[in-house]
Amino acid sequence: MIDVKQMNALTLAYIGDAVIELYVRKHLIQQGIAKPNDLHQRAVRYVSASAQANVLHRFIETDELDEEEAAIVRRGRNAKSASIPKNVDIGTYRYGTALEALIGYHHLTGNEERTAELISLMFRWVEEGETVEK
């Protein structure tokens, strides 16, 4: 059995990225979007590093995270990745990675209720434009 609490933050982010992507795809399909290009264009609103960083900033500002979650976020934010996308600054990328690590952590610990709760907030804030630009 794996010890999720000791797992590398980038590994948590790796699984978190996949979990977020699956939730987003399901969410868009449930909205009746069927064309692959439209699905892709709409998905970017949720899965881009800047969107994820903005959501994480909102989680922090609204005290949405408990101490354990904040520790996972710090680990994710401070993780050193070998590559950074060219279209985003390092700070934004790291905050996006931190959100993915948090989602990956909850998924791997079997806490799907919290995973769904955080992603539901992400959907609401992105769709209402309530995320905070940093």
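Where a number appears in this text, it was derived from the coordinates with a stated rule and is not lab data. Predicted model only: the values in this text are computed from it and were never measured. In this analysis, Cβ positions are derived from the backbone assuming ideal geometry, glycine residues included, and neighbour counts consider all displayed protein chains.
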Please identify, among Ala101, Ala49, Ala70, the residue showing maximal mean-square fluctuation in a Gaussian network model of the chain using a 10 angstrom Cα cutoff.
Ala70
Longest to shortest principal axis, alpha-carbon extents of the chain, angstrom:
40, 32, 29
If you only keep lysine pairs separated by 8 or more in sequence, or across chains, how many in the chain come under 29 Å at the Cα atoms?
9
Per residue of the chain, what 222 nm ellipticity follows from adding -39500 (n - 2.57) for every DSSP H run with n ≥ 4, rounded to the nearest 500?
-23500 deg cm²/dmol
Using only the alpha-carbon atoms, how far is helix 36-47 inclined from the longest principal axis of the chain? Give it as 0 to 90 degrees, nearest 10.
40
On the formula 1/(1 + (r/R0)^6), with r taken between the Cβ atoms of Glu127 and Lys80 and R0 of 35 Å, the FRET efficiency rounded to 0.05 is 0.60
